[in-house]
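J.: Attaching a single structure in structure tokens format; questions to follow.
Please treat every number below as a calculation from the coordinates, not as lab data. Note that this is a predicted model, so its numbers are computed, not measured. Cβ: placed from backbone, ideal geometry, glycine included. Neighbour counts: every protein chain shown.
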Amino acid sequence: MQAELPKEITKLIGKISFEDSSPILVQKGLWQNFCSAIEDSNPIYWNESEAIKHTDELIAHPALLPSWVHDFEWHPNRKKVLPMQLHFHLKEVLNLPLGIVTEVEIEYYEPIKNGDEISSNQKLLSITDPVTTKLGNGRYWVIEVTYFNQKEIIVGKQNMHFLGYKK
Amino acid sequence: MSSKIALPISKFVTSVKNIQAGAIYSRDWAPLHSDQDWAINKGNLPNIIMNNYTLNGLVIKYVTDLYGDATRIGKVSFKIKKPICPNETLEFHGYVISEDKVSDELSFLNINLDIKISDQIVSSAKIIAGVNLTEKKINSPWKIDSKKWKSYIDEVTTDKS
């Protein structure tokens with residue numbers, strides 16, 4: 001069944017196919033507003049004198065790692081770059097217009113700090129044979145996203161599990 | 001340690017404001033997380049729904065609230081089983097599945113978490129967290145360099161696979 005995949009897709013498996021650069025530097029104001037929304041009072045996000053005991057300086061909430069490569073909703077000089085471009089590329093090539101995230105796995109290696117510049121790349125790890133689900137017919141796939149800081153150090157890695165389908 | 005240990009239950013009440021703020025401050029512009037009109041009339045949803053980042057933020061908060069500010073999260077995996085809408089009370093039910101002591105001052109906890117609304121599981125998560133369980137807590141898990149930290153995560157993850 002794997003042979004039924006278009007060559008355009010099989011050649012993507014295991015290879016980096018899209019890269020994103022940070023449209024903004026990591027900002028304390030953004031992560032503190034996020035912490036406010038979820039009522040997270042951990043001082044490593046808020047209080048410099050407490051944070052230095054652990055992380056040398058304040059750090060961003062880890063849950064925000066993937067968000068630092070999200071593009072602006074609107075930009076004066078260019079079109080918006082979609083997040084998870086590889087996912088949208090798969091949907092288009094396979095003619096599966098609908099897609100949902102079924103599972104997220106994320107590992108955190110290096111704390112993210114104010115002023116960091118995060119970039120990422122996307123790699124197709126696996127794609128299943130055609131499946132029939134309650135939502136429709138489609139395929140499951142897993143995309144690995146690796147995140148780097150401005151020193152090219154890997155700061156985290158995320159595996160996103162998707163179902164692409166049509167009704 | 002092999003038997004699972006129940007952790008204290010924590011609650012979080014969702015609102016239009018905190019779901020919208022969670023989405024906007026995580027730079028997630030998808031309208032199903034912030035535009036009620038779009039969610040209901042075009043998204044065929046009961047209301048706006050919480051995004052992945054906000055849910056992950058609450059998962060991490062649950063663990064760091066329990067084990068202290070210096071708790072360092074190594075890995076989180078989660079599944080969303082039902083959409084989470086405003087004006088719901090989320091209940092966080094955590095269980096320590098195992099503890100791996102990798103040095104005198106560092107243990108990795110494997111925690112399973114069910115997030116419920118009215119006894120229905122809407123999301124489940126697995127967390128690997130580094131904690132210093134000694135009384136003095138002199139060395140923070142955050143002081144471990146990223147290469148060593150990653151090797152610990154690989155080791156603990158491999159043990160559980």
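J.: Alpha carbons only, please: Rg and Dmax for chain A, in angstrom.
T.: Reported Rg and Dmax, both Å: 18.3, 58.
J.: To the nearest 0.05, what FRET efficiency results for B:Ser118 and A:Lys113 with a Förster distance of 45 Å applied to their C-beta separation?
T.: FRET efficiency, B:Ser118 to A:Lys113: 0.65.
J.: Additional query: Could you tell me the calculated FRET efficiency between A:Thr128 and A:Asn47, based on Cβ-Cβ distance and R0 = 45 angstrom, to the nearest 0.05?
T.: So the FRET efficiency works out to roughly 0.45.
J.: Scan the stretch B:1-57 for trypsin sites (Lys or Arg not before Pro) in coil per DSSP, keeping those whose Cβ has at most 11 other Cβ atoms within 10 Å, and list them by number.
T.: In loop regions of the stretch B:1-57 (DSSP not H, G, I, E or B), the sparsely surrounded trypsin sites (Lys or Arg not before Pro) are B:Lys42.
J.: The stretch B:104-155 to the stretch B:19-61: how many Å between their Cα centroids?
T.: 26
J.: Within chain A, which is the longest segment containing none of the GluC sites (Glu not before Pro) that sit in a DSSP loop and have at most 16 other Cβ atoms within 10 Å?
T.: A:74-116
J.: Using only the alpha carbons of the protein assembly as shown, what is the convex hull's orientation-averaged projected area in square nanometres?
T.: Result: 17.7 nm².
J.: Determine the shape class of the stretch B:5-160: with a ≥ b ≥ c the square roots of the Cα gyration tensor eigenvalues, call it rounded for a/c under 1.5, and otherwise prolate if a/b is greater than b/c, oblate otherwise.
T.: prolate
J.: Which of the trypsin sites (Lys or Arg not before Pro) found in the stretch A:66-153 are loop residues per DSSP with 15 or fewer other Cβ atoms within 10 Å of their Cβ?
T.: A:Arg78, A:Lys79, A:Lys80, A:Lys134, A:Lys151
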